[in-house]
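Student: Please read through the structure below; I'll follow up with questions.
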Amino acid sequence: MILGRAFTAGLLAVAAGGAAPVAGLGQGGTVAMAPVVDPSWLQVDTTTKTVTFQLVAGLTGLNGALNFNGFRDGGLTLTVPVGWNVAIHFRNHDGMLPHSAEVIGESHPLPTGPVAPAFPRAFTLRLDQGLVSEQGDDIRFIADRGGKYLIFCGVPGHGAAGMWIRLDVSGSFRTASLVTPAGKP
Ligand SMILES: [Cu+2]
């Protein structure tokens with residue numbers, strides 16, 4: 001655990017104390033910093049079996065801001081037990097591009113635009129056009145079928161360019177969590 005690391009992105013600085021940043025040496029000796037999970041993104045209520053997730057489009061400049069919460073290409077996974085209520089508070093932090101979000105089934109190749117959502121109402125307003133900077137929308141659905149899903153930007157080209165993270169729904173999960181390949185927060 002490395003505490004007090006200075007981030008250039010102001011928003012990420014709040015997260016510095018909560019999770020372990022992971023730095024690695026990339027090719028050519030440049031330091032590649034993995035994005036960090038902020039624990040405040042997730043609220044879990046095991047009594048009502050509800051998970052609330054703050055989904056931020058374009059949180060950082062990664063991938064030309066085509067990212068969710070600073071993660072791209074499935075680099076962040078929201079895990080949810082089967083049957084739980086899911087509330088996703090979507091906000092577009094990107095000052096340039098509109099974005100949207102929907103939950104879709106795993107798909108190869110990735111869709112180039114909006115497709116049918118995997119759960120009823122599991123999509124934001126203006127799925128195709130996107131919500132403009134600092135607009136938001138709430139997604140609510142019941143994760144009543146186990147499986148592997150994507151949280152995907154429906155604006156044409158964005159998802160296929162890497163603007164997606166994962167949603168795993170399973171009966172073997174006891175609670176909801178955010179997981180990265182680098183380790184659990
Ligand atoms: Cu987008």
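Only the coordinates and a few stated rules stand behind these numbers; no lab work does. Quick caveat: nothing in here was measured; it's all calculated off a predicted structure. Here the Cβ positions follow ideal geometry from the backbone for every residue, glycine too, while neighbour counts run over all protein chains shown.
Student: Hey, can you tell me all the residues within region 36-60 that are within 14 Å of the ligand (Cβ to nearest atom) and either in a loop (DSSP other than H, G, I, E, B) or more than 21 Å from LEU125 (Cα to Cα) (or both)?
Tutor: Within region 36-60, GLY58, LEU59, THR60 qualify.
Student: Does ASN69 satisfy the criteria of being of a type in the set (S, T, N, Q), in contact (Cβ under 8 Å) with a residue 60 or more places away in the chain, closer than 18 Å to LEU150 by Cα and within 11 Å of the ligand (Cβ to nearest atom)?
Tutor: It is false that ASN69 is of a type in the set (S, T, N, Q), in contact (Cβ under 8 Å) with a residue 60 or more places away in the chain, closer than 18 Å to LEU150 by Cα and within 11 Å of the ligand (Cβ to nearest atom).
Student: Suppose the filter is out of contact with any His (no Cβ under 7 Å at 6 or more places or on another chain) and without any contact (Cβ under 8 Å) to a residue 24 or more places away in the chain; does ALA116 pass it?
Tutor: So ALA116 passes the test.
Student: Further question on the same structure: Give all pairs with beta carbons closer than 6 Å in which a residue from region 144-164 that is under 13 Å from ASN63 (Cα atoms) meets a residue that is polar (S, T, N, Q) and more than 9 Å from the ligand (Cβ to nearest atom); count only pairs at least 6 apart in sequence or on separate chains.
Tutor: ALA160/THR112; GLY162/ASN63
Student: Of the conditions (1) in contact with a His (Cβ under 9 Å, 6 or more places away or on another chain); (2) more than 26 Å from ALA182 (Cβ to Cβ), PRO111 satisfies every one except a single condition; which number is it?
Tutor: In the conditions (1) in contact with a His (Cβ under 9 Å, 6 or more places away or on another chain); (2) more than 26 Å from ALA182 (Cβ to Cβ), PRO111 misses (1) alone.
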